[in-house]
Amino acid sequence: MTSAQFPLPVPNLDNQEFFDKCREHRLVLRRCRDCALFSHPPRPNCLNCASDNLEWVESKGRGVVYTFTITRQPVSRAFEGRLPWAVVDVKLEEGVHLISNLVDCDPEEIEIGMAVEVVFEEVNAEITLPKFKRVS
Ligand SMILES: [Zn+2]
């Protein structure tokens, strides 16, 4: 019996730049040049004004835990040995939300409103994921 492959994002035309910059340990977000709205995940048009005049802007990488959930039952073999698995919704200072995980934090210690900052986890040669750690 082999364990299932852990699911990873598959970069596409809209988010390739996001993952390229993650490999450089930089967190970038899409911002509309016409109305200045940040949006995530990256998409070809602004959610507010539908403009395709978008730019990539480096995020400060700081935010707070907006909400979270903890999985205690394996929904996939890929999670064997990784439970409990905490998924956090981080609201960045730029106003957008990133779904991620916290590192170096017991799931029982996660609190809504906890200040966090980005760190990067190099999963393989192609994928580096933005994760978050508590700001002490
Ligand atoms: Zn816009």
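The values are calculated or read from the model by the stated rules, or taken from the named source; none is laboratory data. Note that this is a predicted model, so its numbers are computed, not measured. All Cβ positions, even for glycine, are placed from backbone atoms using ideal geometry, and neighbour counts span all protein chains on display.
Which count do you get for residues in segment 40-59 that are closer than 30 Å to D106 by Cβ and surrounded by fewer than 13 Cβ atoms within 10 Å (Cβ to Cβ)?
Final tally of qualifying residues: 0.
Looking only at residues in segment 57-71 that are more than 16 Å from G113 (Cβ to Cβ) and touching a Phe, Trp or Tyr at 6+ places or on another chain (Cβ under 8 Å), which one is modelled with the lowest pLDDT?
By that ranking, first place goes to T71.
Contact list please: Cβ distance under 9 Å, first residue in segment 28-43 and farther than 14 Å from V90 by Cα, second residue of a type in the set (D, E, K, R) and near the ligand (Cβ under 9 Å from one of its atoms), pairs at least six apart or on different chains.
If the second residue must be of a type in the set (D, E, K, R) and near the ligand (Cβ under 9 Å from one of its atoms), the pairs left are L37/R31; F38/R31.
So which residues in segment 44-74 are under 24 Å from E122 (Cα atoms), part of a loop (DSSP other than H, G, I, E, B) and either within 15 Å of the ligand (Cβ to nearest atom) or free of Cβ contacts under 8 Å to residues at least 24 places away in the same chain (or both)?
P74
So which residues in segment 121-136 are out of contact with any helix residue (DSSP H, G or I) (no Cβ under 6 Å at 6 or more places or on another chain), farther than 18 Å from A86 by Cβ and surrounded by 15 or more Cβ atoms within 10 Å (Cβ to Cβ)?
If the condition is that a residue be out of contact with any helix residue (DSSP H, G or I) (no Cβ under 6 Å at 6 or more places or on another chain), farther than 18 Å from A86 by Cβ and surrounded by 15 or more Cβ atoms within 10 Å (Cβ to Cβ), then I127 is the only one that fits.
Name the residues in segment 1-43 that are touching a helix residue (DSSP H, G or I) at 6+ places or on another chain (Cβ under 9 Å), hydrophobic (A, V, I, L, M, F, W, C) and within 16 Å of the ligand (Cβ to nearest atom), would you?
Within segment 1-43, just L29 meets the criteria.
What number of residues within segment 100-136 satisfy the criterion of being assigned to a loop (DSSP other than H, G, I, E, B) and under 20 Å from P7 (Cα atoms)?
Matching residues across segment 100-136 total 7.
For segment 17-43, name all the residues that are within 20 Å of S100 (Cα to Cα) and outside any loop (DSSP other than H, G, I, E, B). Walk me through it before giving the result.
Keep residues of segment 17-43 that are within 20 Å of S100 (Cα to Cα), which gives 17-30, 38-43.
Hits for segment 17-43 are E17, F18, F19, D20, K21, C22, R23, V28, L29, R30, F38, S39.
Can you tell me which residue among D89, D106 is at pLDDT below 95 and not β-branched (V, I, T)?
Among D89, D106, only D106 is at pLDDT below 95 and not β-branched (V, I, T).
Among (1) more than 15 Å from the ligand (Cβ to nearest atom); (2) farther than 21 Å from V103 by Cα; (3) among the charged types (D, E, K, R), which single condition is R82 missing?
(2)
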